[in-house]
């Protein structure tokens, strides 16, 4: 039986497989086990995300916080926060007629946090096998190090948003094994849902946000 750690790029998973779907009330414990072998022992799940800025809607932040509360009921799951940074940026118009200034929002630190904790856990002997849920090719190097320098098994499960889009090639090449999560994998996502409501350790219900 392998001790497994799972590292979840929350924004990449959301945009790649969950956005505009009915499966956003996703139990990452159930999903992780479904992506691994039956005898793999998921001992730790690290979820990396950033809280939505209130300027973009308080309802979205409320739903996100409810989901994070539900995630924290999963044994062995920890949440690691980055941040969203908004700044003005000049971007070309779609018709090619000059530039326009827009506000651009980027998630910061989550990818660095994931890569750092993956490598720290690997060096500490915290797992026999790891799974990274992301399709971000920036993780190819730490995945390569874990597999080829530290001699550990590490897989990637790639959320893929659009039909015809492929998993990031450097990430696939670096990993020991790969799988995909797409919006068409309805059975996988449907069977990996939280109950509604989730009951926290104090007995308080956490209802699924609406509309979700």
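Would you mind telling me which numbered condition in (1) surrounded by fewer than 12 Cβ atoms within 10 Å (Cβ to Cβ); (2) modelled with pLDDT of 95 or more; (3) outside any helix (DSSP H, G or I) residue 120 fails?
For residue 120, the failing item is (3).
Hey, among 86, 78, 73, which residue is exposed (fewer than 14 other Cβ atoms within 10 Å of the Cβ) and modelled with pLDDT of 95 or more?
Every option except 78 fails the conditions.
Give the residues of the stretch 26-44 that are in contact with a helix residue (DSSP H, G or I) (Cβ under 7 Å, 6 or more places away or on another chain) and either in a helix (DSSP H, G or I) or under 27 Å from residue 165 (Cα atoms) (or both), sorted by residue number.
Selection gives 26, 28, 34.
Take the residues of the stretch 2-24 that are farther than 22 Å from residue 38 by Cα and under 8 Å from the mean Cα position of the chain (by Cα): which is surrounded by the most Cβ atoms within 10 Å (Cβ to Cβ)?
10
Are there any pairs, at least 6 apart or on different chains, whose C-beta atoms fall under 7 Å, with the first in the stretch 107-134 and within 20 Å of residue 13 (Cβ to Cβ) and the second part of a strand (DSSP E or B) and modelled with pLDDT under 95, and if so, which?
Within 7 Å, the pairs are 107/84; 108/83; 108/85; 109/83.
Within the set of pairs 6 or more residues apart or between chains, which connect a residue that is at positive phi and modelled with pLDDT of 95 or more inside the stretch 166-180 to a residue that is crowded, with 19+ Cβ neighbours inside 10 Å and in a helix (DSSP H, G or I) with Cβ atoms less than 6 Å apart?
Qualifying pairs under 6 Å: none.
Based on what the data block shows, is residue 96 loosely packed, with under 15 Cβ neighbours inside 10 Å, at positive phi and at pLDDT 95 or above?
no
Of everything in the stretch 124-146, what is over 15 Å from residue 6 (Cα atoms) and surrounded by 13 or more Cβ atoms within 10 Å (Cβ to Cβ)? Give them in sequence order.
Within the stretch 124-146, 136, 137, 138, 140, 141, 144, 145 meet the criteria.
Restricting to the stretch 144-183, what's the tally of residues that are in a strand (DSSP E or B) and under 26 Å from residue 120 (Cβ atoms)?
So the count comes out to 11.
Take the residues of the stretch 188-208 that are in a helix (DSSP H, G or I) and farther than 18 Å from residue 37 by Cβ: which is nearest to the chain's Cα centre (by Cα)?
Of everything passing the filter in the stretch 188-208, 189 is nearest to the chain's Cα centre (by Cα).
Given (1) in contact with a strand residue (DSSP E or B) (Cβ under 8 Å, 6 or more places away or on another chain); (2) within 23 Å of residue 211 (Cβ to Cβ), where does residue 129 come up short, assuming only one miss?
(2)
Going by the structure shown, is residue 23 at pLDDT 95 or above, in a loop (DSSP other than H, G, I, E, B) and in contact with a strand residue (DSSP E or B) (Cβ under 9 Å, 6 or more places away or on another chain)?
Yes: the conditions hold for residue 23.
Can you give me the number of residues within the stretch 156-177 that are touching a helix residue (DSSP H, G or I) at 6+ places or on another chain (Cβ under 8 Å) and within 20 Å of residue 14 (Cβ to Cβ)?
8
Mind counting the residues in the stretch 49-65 that are closer than 24 Å to residue 205 by Cα and in contact with a strand residue (DSSP E or B) (Cβ under 6 Å, 6 or more places away or on another chain)?
1
The values are calculated or read from the model by the stated rules, or taken from the named source; none is laboratory data. These figures come from a predicted structure and were not determined experimentally. A quick note on method: Cβ atoms are made from the backbone with ideal geometry, for glycine too, and the neighbour counts reach across all protein chains shown.
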